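Presented below is the structure to which this report refers.
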Amino acid sequence: MSIFKYIFWVLYRIWFYILVALPILIMFPILLISILKESWYPFFFKLARFWARFILIGMGFRPQIEREQTPEKGKSYMFVANHTSMTDIMLMLVSVKNPFVFVGKKELAKIPLFGFFYKRTCILVDRNSAKSRQAVFLRAQRRLKTGVSICIFPEGGVPEEHIELDDFKDGAFRLAINHKIPVVPLTFADNKKRFSYIFFSGGPGKMRVKVHKFLATEHLTVEDTKALNEKARSIILRQLQTFNE
């Protein structure tokens, strides 16, 4: 393989982190003010969407979003998607206009600059701690009461490269049922190809997104958690297979 490809991949990765940091540095005072009150979160979310779009455009990524249904303004939802790349966060922010809070692993809070705001605006979870997982439910409940939505990548992490879609954890679906909010499955088709966790890989191009029809939870009980989990996963898996045909 040409040495120039390796040079490109190294520079491309460095450029990504520059794009992540640059708008945070420029907007730092405004971002800092926007997180002082929880009620100001929708404003912070608008800034986060600008940050995400800035990164995707700067990396040469072209989001192509197809929506079977569009979330209504002022309503809360549970957004779930497959997880393959660091760019999943940015693509989710660009794909969804309704303010939502990420539930994510606490390790990301260690990233300079990004981590400062991440741990102050997201719901962090230590997946190895039952106590931490329980605390997620309490924090999510409080945020849902403020009118925002929740976003969880239910695979619980990024699976190995050869795994098309890992098993889903039940947490997102239990939360959705408990709070009677619709589950919104999203399928990300190209993020692994564009910017995976394999260092020497990736490049500019399209990022296809499918926002599927919502899964209602009004008449479900906690006993239906696994069935809802499997339904959401099968929708995303079928769409991944369709994208790859």
Completion exercise
At q = 0.22, 0.23, 0.27 Å⁻¹, the log10 of I(q)/I(0) for the stretch 1-49 from a Debye sum over equal Cα scatterers comes to -0.77, -0.80, -0.94
Handout entry: Only Lys, Arg (+1) and Asp, Glu (-1) charged, at Cβ; the stretch 1-133 dipole about Cα centre in debye
Key = 220 debye
Practice task
Would you kindly derive the ³J(HN,Hα) couplings of the stretch 51-57 from the backbone phi angles with the Karplus curve 6.51 cos²θ - 1.76 cosθ + 1.60 (θ = phi - 60°), listing them in order in whole Hz, with x for Gly and Pro?
Solution key: 4, 5, 5, 4, 5, 4, 5
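Residues with beta-carbon under 12 Å from that of LYS226, excluding LYS226: net charge, scoring Lys, Arg +1 and Asp, Glu -1? Walk me through the numbers on the way to the answer.
Working: positive: LYS169, ARG174, LYS231, ARG233; negative: ASP167, ASP170, GLU223, ASP224, GLU230.
Once all neighbours under 12 Å are counted, the net charge is -1.
For the chain, what proportion of DSSP beta bridges, expressed in % and rounded to the nearest 5, is antiparallel? Could the numbers behind the result be given before it?
Numbers: 4 of 25 bridges.
Here the share of antiparallel DSSP bridges comes out near 15 percent.
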Completion exercise
dims of the stretch 128-245, Cα set, principal axes, largest to smallest, nearest Å -> 41, 30, 25
Handout entry: chymotrypsin sites (Phe, Trp or Tyr not before Pro) within the stretch 150-245, DSSP loop, no more than 15 other Cβ atoms inside 10 Å
Key = TYR197, PHE199, PHE200
Exercise for the section: Rounded to whole Hz and in sequence order, give me ³J(HN,Hα) for the stretch 63-78 from the Karplus expression 6.51 cos²θ - 1.76 cosθ + 1.60, θ = phi - 60°, writing x for Gly and Pro. Expected result: x, 10, 10, 10, 10, 7, 7, 10, x, 7, 5, x, 9, 9, 9, 10
Handout entry: Spatial separation of Cα centroids for the stretch 22-62 and the stretch 208-245, in angstrom
Key = 29 Å
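So how much slack lies between PHE28 and ARG238, counting 0.36 nm per residue of separation and subtracting their Cα-Cα distance, in nm? Can you show the working numbers first?
Numbers: separation 210, 0.36 × 210 = 75.60 nm, distance 4.11 nm.
Length difference between fully extended and current span is 71.5 nm.
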Problem - Pairwise FRET efficiency - LYS73 versus SER196, Cβ, R0 = 22 Å, nearest 0.05 - result: 0.05
Exercise for the section: Treat every Asp and Glu Cβ in the chain as -1 and every Lys and Arg Cβ as +1, leave all other atoms uncharged, and give the resulting dipole magnitude about the Cα centre to the nearest 20 debye. Expected result: 780 debye
Handout entry: Distant alpha-carbon pairs in the stretch 53-169 (separation over 17 angstrom), percent
Key = 62 percent
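On a full-extension model of 0.36 nm per residue, what is the gain between GLU160 and THR221, subtracting their alpha-carbon distance, rounded to one decimal in nm?
Values: separation 61, 0.36 × 61 = 21.96 nm, distance 3.27 nm.
Extra length from GLU160 to THR221 when fully extended: 18.7 nm.
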Problem - Debye-sum result for the chain in log10 I(q)/I(0), which assumes one identical scatterer on each alpha carbon, at q = 0.10, 0.11, 0.15 Å⁻¹ - result: -0.47, -0.57, -1.10
Practice task
Please give the contour-minus-distance gain from LYS97 to SER2: 0.36 nm per residue of separation, less the Cα-Cα distance, rounded to one decimal in nm.
Solution key: 30.1 nm
Fill in the blank from the handout: Residues whose built amide H sits under 5 Å from the amide H of GLY205, excluding neighbours closer than 5 in sequence, are PHE61, ARG62
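All of the numbers you see were taken from the coordinates with simple rules; none came from a lab. Every value quoted in this text rests on a predicted model; they were computed, and no experiment measured them. With ideal geometry, Cβ positions are generated from the backbone for all residues, glycine too; neighbour counts draw on all protein chains shown.
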